[in-house]
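Q: Below is the structure I would like to discuss, written out as structure tokens.
The values are calculated or read from the model by the stated rules, or taken from the named source; none is laboratory data. Note that the coordinates shown come from a computational prediction; the quantities given were computed from them, not determined experimentally. Cβ coordinates were reconstructed from backbone atoms using ideal geometry, including for glycine residues, and neighbour counts include every protein chain displayed.
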Amino acid sequence: MAEEQAPASTSNVDGDDYAWVADEPRTTVSMFSLNGGDGMFKTVQRSPADDWKACIPNTSRQICSKFQWGSFPMYQIVFEHMGYRLPFSVFEVAVFRYLHLTPSQLHPNSLAFIRAFEMTAAYLGFMLTISLFFHAFHLQRSKPKGDAANKFGWVSLKQSVKLFEMFLESVRGFKDSYFFVKPLNSIAWQSVIYQGPAKDVTGAPLVDPSGRPVMEDYSRFPLSWRRSYYLKPDSDFIYSAEELSVEELSNYEQMKVFVSDFPRKYYEDEEGNPVRDEMGVPVTKKAFIDTRKLLASKNVAEMEACFKEMSTVAAKLRKSKADKEKRQAAVLGSSSATAPSPRGDHVDNARASTVVVDLDDAAVNVESQPRPAKVARVEQVNATATGRVSPSSPKFVLPPAIGSPELVRKSPVALSDAEHAIMNDMGPEALKNELADAMVAAFKLMEISSFLNGRECKYLEERDSAKEEAALLRQSLEQANVNHAAYKDRYKLQAGLVTQLTEKEKEAARLVEEKAMLKGQIKDLTTEKETLEGKVRDMESRPCSSGTAPDADELVVDPNGEYKGFTRAALVSRIFELEGQQLDVAKSSFDNVVAQLMILNPGVELVVAGASELKEVHDGAIMSPSPDEED
């Protein structure tokens with residue numbers, strides 16, 4: 001799998017001179033470039049997506065080199081053991097973008113801190129913010145050998161208050177195990193690159209000759225090592241408590257309390273056995289979130305199980321069982337007294353007079369617990385004093401307190417020769433510790449059984465209660481069915497009444513409209529009546545009315561009563577009409593006479609100019625009528 005070359009991204013150009021990078025990251029060649037990819041972990045994305053591909057760089061490309069467009073280098077340990085997958089989460093991208101660093105420029109321990117902090121916040125149920133994360137973690141820069149003033153190496157995160165264990169105790173094993181991841185499609189490419197307007201040195205947008213803005217590719221986080229980060233002091237990336245909100249401070253305190261309640265852990269030697277002090281008491285240390293174990297979780301259930309194993313349940317249970325441990329120690333006839341530990345600040349024993357037993361480990365991981373370290377063999381005469389069973393007794397019987405007498409009598413317990421040899425080889429303190437662990441496990445098992453039995457009884461009680469509630473619900477359902485049937489009958493009757501009411505309302509509306517129309521007609525008729533009454537009153541008030549008897553003169557003039565009903569104005573109009581008719585008759589007679597004269601005197605030229613029926617002829621002269629006569 002050779003590297004595929006491509007033009008460098010304009011967003012990823014920070015100069016070709018990598019002299020400022022420390023020698024180790026700049027000169028270390030990937031083991032996959034040399035062995036052809038043997039043992040390479042290729043799962044770099046969330047299934048079932050097929051958006052990214054792990055590729056082997058050639059020997060000329062190191063972890064700090066620029067790769068093709070949209071590609072960036074990563075350590076194999078990040079994907080194989082820390083659970084990172086592409087695309088990165090929103091919080092992870094926000095951290096890279098805030099630091100303005102590519103992920104490979106951070107030390108893998110810091111990458112582990114980012115994801116562990118994210119998972120812890122999700123488990124505790126509070127929202128992650130950049131300000132909260134960079135209040136819990138500060139920055140530190142590695143000091144490379146040689147020209148440390150001008151060369152820069154990996155960037156690391158350090159905890160302001162220790163909450164997480166380191167993922168890598170040694171820096172070896174990751175520097176030469178790197179490859180680069182390549183986007184296979186535009187969707188994957190857009191997850192690390194987005195387009196934005198290009199700007200000049202003054203920050204003004206650049207435009208092409210047509211006036212359109214010039215678009216340039218910008219990375220959501222840098223894709224190669226950047227020197228610009230080292231030009232800022234570490235303090236610029238830190239949030240103080242005054243800069244956090246009340247909710248963020250509360251969340252941070254919640255996380256510190258959550259870690260402080262973890263049960264203490266044992267110091268172990270190279271073989272995995274607990275380290276003990278001069279008095280044989282296991283030496284303990286404060287426990288923190290196991291980053292390696294947490295990041296190994298493959299799903300939410302495993303993550304929650306991991307937190308529960310580290311959570312306050314064990315501490316609370318140990319506190320409630322403290323008295324039982326003391327009673328058990330008294331039964332064994334032994335007491336432990338410890339001297340102050342010579343280990344300094346790294347050794348912190350919670351109790352000086354009792355043996356610290358991790359009940360959570362005894363209950364959950366009892367099979368995987370390491371055997372206590374052996375001590376020198378004691379003489380046989382001290383066996384009874386230490387509470388050990390004499391090797392001469394081949395069998396022993398369980399005490400009646402453990403079970404029923406019949407079971408105890410029928411079930412003797414025998415020890416094998418190997419077990420005899422092991423127990424004879426153990427000192428009194430080791431035997432006491434072994435017996436204490438066994439008793440704690442037995443009591444733990446008894447308590448779990450009691451709890452489960454009580455929970456089962458509780459479930460039975462809840463079942464009976466549920467049955468009673470189900471019977472009541474069935475009765476309520478039957479009553480509801482009866483009520484529903486009665487309601488349906490009432491609804492049918494009500495529906496018929498509603499239909500009739502609707503029809504009546506429509507008829508009433510129609511009658512109201514007719515009433516309004518009739519009122520308008522009555523109003524018009526009333527107005528017409530008043531008008532006619534006024535006319536009648538006017539006619540009655542006139543002096544000549546049809547009711548007056550005609551006098552003798554009127555009978556002479558109009559014996560037939562033709563003009564009896566005429567008004568004064570009608571009579572005047574009739575007179576004018578008759579007068580006009582007389583003028584027409586006179587004119588017609590005159591014209592007729594002139595025509596006859598002209599016919600009777602064909603040789604005579606009659607002068608008729610200016611003559612009319614209203615003019616008089618005297619001695620050959622025509623006299624025009626006076627103006628009054630013409631009128």
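Q: Taking residue 309 as the residue in question, decide whether it is outside the structural domain of residue 135 (by TED's automatic domain parsing), exposed (fewer than 15 other Cβ atoms within 10 Å of the Cβ) and farther than 20 Å from residue 111 by Cα. It would help to see each step written out before you state the result.
A: Details: outside the structural domain of residue 135 (by TED's automatic domain parsing): yes; exposed (fewer than 15 other Cβ atoms within 10 Å of the Cβ): no; farther than 20 Å from residue 111 by Cα: yes.
In short, no.
Q: Which count do you get for residues in region 436-495 that are among the basic types (Lys, Arg) and either closer than 30 Å to residue 280 by Cα or modelled with pLDDT under 80 (or both)? Lay out the reasoning, then the answer.
A: Quick first cut of region 436-495, residues among the basic types (Lys, Arg) only: 444, 455, 458, 463, 467, 474, 488, 490, 492.
Remaining after also requiring either closer than 30 Å to residue 280 by Cα or modelled with pLDDT under 80 (or both): 444, 455, 458.
Counting residues in region 436-495 that are among the basic types (Lys, Arg) and either closer than 30 Å to residue 280 by Cα or modelled with pLDDT under 80 (or both) gives 3.
Q: Which condition from (1) closer than 27 Å to residue 132 by Cα; (2) in contact with a helix residue (DSSP H, G or I) (Cβ under 6 Å, 6 or more places away or on another chain); (3) assigned to a loop (DSSP other than H, G, I, E, B) is the one that residue 280 breaks?
A: (1)
Q: Would you confirm whether or not region 336-354 contains a residue that is more than 45 Å from the chain's Cα centre (by Cα), under 28 Å from residue 112 (Cβ atoms) and modelled with pLDDT of 80 or more?
A: no
Q: From the residues in region 118-168 that are acidic (Asp, Glu) and over 28 Å from the mean Cα position of the chain (by Cα), which one is farthest from residue 255 (Cα to Cα)? Lay out the reasoning, then the answer.
A: The initial filter retains those residues of region 118-168 that are acidic (Asp, Glu), namely 118, 147, 165.
After this cut, where a residue has to be over 28 Å from the mean Cα position of the chain (by Cα) as well, the list is 147, 165.
Working: 147: 40, 165: 14 Å.
Filtering region 118-168 for residues that are acidic (Asp, Glu) and over 28 Å from the mean Cα position of the chain (by Cα), the one farthest from residue 255 (Cα to Cα) comes out as 147.
Rundown of residues vs (1) surrounded by 10 or more Cβ atoms within 10 Å (Cβ to Cβ); (2) of a type in the set (Ser, Thr, Tyr); (3) part of a helix (DSSP H, G or I), yes/no style:
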residue	(1), (2), (3)
461	yes, no, yes
465	yes, yes, yes
504	yes, no, yes
556	no, no, yes
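Q: Separate question: Give region 98-107 a look and list any residue that's assigned to a helix (DSSP H, G or I) and under 29 Å from the mean Cα position of the chain (by Cα), or say none. Explain how you work it out, then say what you get.
A: Filtering region 98-107 for residues assigned to a helix (DSSP H, G or I) gives 98-99, 103-105.
Result: 98, 99, 103.
Q: Now for a separate question. Determine whether residue 498 is β-branched (Val, Ile, Thr) and at pLDDT 75 or above. Full working, then the answer.
A: On the way: β-branched (Val, Ile, Thr): yes; at pLDDT 75 or above: yes.
Spelling it out, residue 498 is indeed β-branched (Val, Ile, Thr) and at pLDDT 75 or above.
Q: Where the second residue is surrounded by 12 or more Cβ atoms within 10 Å (Cβ to Cβ) and among the aliphatic types (A, V, I, L, M) and the first is assigned to a loop (DSSP other than H, G, I, E, B) and at pLDDT 85 or above and lies in region 14-38, which pairs have Cβ atoms under 6 Å and are six or more apart or on separate chains?
A: Close Cβ pairs (under 6 Å, with a partner that is surrounded by 12 or more Cβ atoms within 10 Å (Cβ to Cβ) and among the aliphatic types (A, V, I, L, M)) amount to 37/1; 37/56.
Q: If the requirement is being polar (S, T, N, Q) and either crowded, with 17+ Cβ neighbours inside 10 Å or over 20 Å from the mean Cα position of the chain (by Cα) (or both), which of these qualifies: 110, 89? Step through it out loud before you land on a result.
A: Working: 89 fails: either crowded, with 17+ Cβ neighbours inside 10 Å or over 20 Å from the mean Cα position of the chain (by Cα) (or both).
Being polar (S, T, N, Q) and either crowded, with 17+ Cβ neighbours inside 10 Å or over 20 Å from the mean Cα position of the chain (by Cα) (or both) holds for just one of 110, 89, which is 110.
Q: Something else about it: Please work out if residue 552 is at pLDDT below 75 and of a type outside the set (D, E, K, R). Break it down into steps so the answer makes sense when it comes.
A: Values: at pLDDT below 75: yes; of a type outside the set (D, E, K, R): yes.
Judged against the criteria, residue 552 is a match.
Q: Tell me, please, whether a residue that is of a type in the set (Lys, Arg), part of a helix (DSSP H, G or I) and in contact (Cβ under 8 Å) with a residue 40 or more places away in the chain can be found in region 223-240. Walk me through it before giving the result.
A: Start the filter on region 223-240 by keeping residues that are of a type in the set (Lys, Arg), which leaves 226-227, 232.
If we keep only those that are part of a helix (DSSP H, G or I) too, we end up with none.
Scanning region 223-240, I find no residue that is of a type in the set (Lys, Arg), part of a helix (DSSP H, G or I) and in contact (Cβ under 8 Å) with a residue 40 or more places away in the chain, so the answer is no.
Q: Is there a residue being part of a loop (DSSP other than H, G, I, E, B), over 23 Å from residue 107 (Cβ atoms) and without any contact (Cβ under 8 Å) to a residue 12 or more places away in the chain anywhere in region 52-69?
A: Yes, region 52-69 contains a residue that is part of a loop (DSSP other than H, G, I, E, B), over 23 Å from residue 107 (Cβ atoms) and without any contact (Cβ under 8 Å) to a residue 12 or more places away in the chain.
Q: Out of the residues in region 46-68 meeting the condition of being within 19 Å of residue 219 (Cα to Cα) and touching a strand residue (DSSP E or B) at 6+ places or on another chain (Cβ under 8 Å), tell me which one is surrounded by the most Cβ atoms within 10 Å (Cβ to Cβ).
A: Of region 46-68, the ones within 19 Å of residue 219 (Cα to Cα) are 51-53, 63-68.
Narrowing further to those that are touching a strand residue (DSSP E or B) at 6+ places or on another chain (Cβ under 8 Å): 51-53, 63-65, 67-68.
Working: 51: 17, 52: 23, 53: 18, 63: 27, 64: 21, 65: 18, 67: 23, 68: 19.
Step by step, filter region 46-68, then rank; the result is 63.
Q: Give me the pairs: first residue in region 537-564 and more than 18 Å from residue 575 (Cα to Cα), second residue modelled with pLDDT under 70 and assigned to a loop (DSSP other than H, G, I, E, B), beta-carbon distance under 6 Å, and six or more apart or on different chains, which are they?
A: The qualifying pairs are 546/565.
Q: Any idea which of 178, 229, 194 is over 25 Å from residue 116 (Cβ atoms), assigned by TED's automatic domain parsing to the domain that holds residue 65 and not small (Gly, Ala, Ser)? Working first, answer last.
A: Numbers: 178 fails: over 25 Å from residue 116 (Cβ atoms); 229 fails: over 25 Å from residue 116 (Cβ atoms).
194 is the lone residue from the list that is over 25 Å from residue 116 (Cβ atoms), assigned by TED's automatic domain parsing to the domain that holds residue 65 and not small (Gly, Ala, Ser).
Q: Can you say whether residue 626 is polar (S, T, N, Q), surrounded by fewer than 10 Cβ atoms within 10 Å (Cβ to Cβ) and modelled with pLDDT under 75, as far as the supplied structure shows? Give the steps one after another, and end with the answer.
A: Details: polar (S, T, N, Q): yes; surrounded by fewer than 10 Cβ atoms within 10 Å (Cβ to Cβ): yes; modelled with pLDDT under 75: yes.
Here the answer is yes, as residue 626 does meet what is asked.
Q: Can you tell me which residue among 171, 161, 201, 181 is part of a loop (DSSP other than H, G, I, E, B), aliphatic (A, V, I, L, M) and at pLDDT 85 or above?
A: 161
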